[in-house]
Amino acid sequence: MKLWLVGAGLALVAALAVAQEVDADADVAAIRQLQADWNAAVEKGSIEGYLAVLDADVELMPTDAPPIRGRDNYGEFLQPVFKQDRYEVEVVAPSEIEVSGDIAYARYDYVIHRFPAGADEPVSSRRKFLDVLRRQEDGSWRVLKHIWNYNEPGVTP
């Protein structure tokens, strides 16, 4: 009887480990989709689409500027960004994503091609990003902290 209980206990532990791995895979896939939706919003110049991936308590930590806190303030920040320029996002490599419960982080590199109004050629820069994401009550993910910087010195954002 004791041997049977030990065997059943081990089977339960193994089943739970597999379930957690499947959930983690689903979380990573959901975060990758969030990133794809975010990139599409950037390329369309859609502030609404951009804000849709952000947690209400988001904090933007831009290079050489004070933090911007809250989705509404972030939206105000974006108004002139998309009015003046057009953007293309070049994904350098798949993101490194780690999930731990209701918090995750994503580390990735993009080349951002910024097309200033009236320009034929882009101003391009490779940027390093780190996002902290928070699971929402409905199980979806949203970006809670967003930070980036440049690989090259003297880049004009």
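Where a number appears in this text, it was derived from the coordinates with a stated rule and is not lab data. It should be emphasised that the depicted structure is a prediction, and the values quoted were computed from it without experimental measurement. Because the Cβ atoms are built from the backbone with ideal geometry, glycine has one as well, and the counts that use them run over all protein chains shown.
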Checklist entry - Modelled label-to-label distance, Arg32 and Ser124, 7 Å Cα→beta-carbon offset: nm? => result 2.4 nm
Item to check | Hits among aspartates and glutamates - C-alpha to C-alpha of Lys44 under 15 Å, sequence gap 8 or more where chains match | outcome: Asp85, Glu88, Glu90
Next on the checklist: Over 5 Å intervals from 0, what percent of Cα-Cα pairs in region 2-150 sits in each interval?
Outcome noted: 2, 9, 15, 20, 18, 11, 7, 5, 4, 3, 2, 2, 1, 0, 0, 0
Checklist entry - How far apart, in nm, are two points set 7 Å out from the Cα along the Cα-to-Cβ line at Arg86 and at Ser140? => result 2.8 nm
Next on the checklist: With the crude spin-label approximation of a point 7 Å out along Cα→Cβ, what separation in nm comes out for Gln79 versus Asp23?
Outcome noted: 4.2 nm
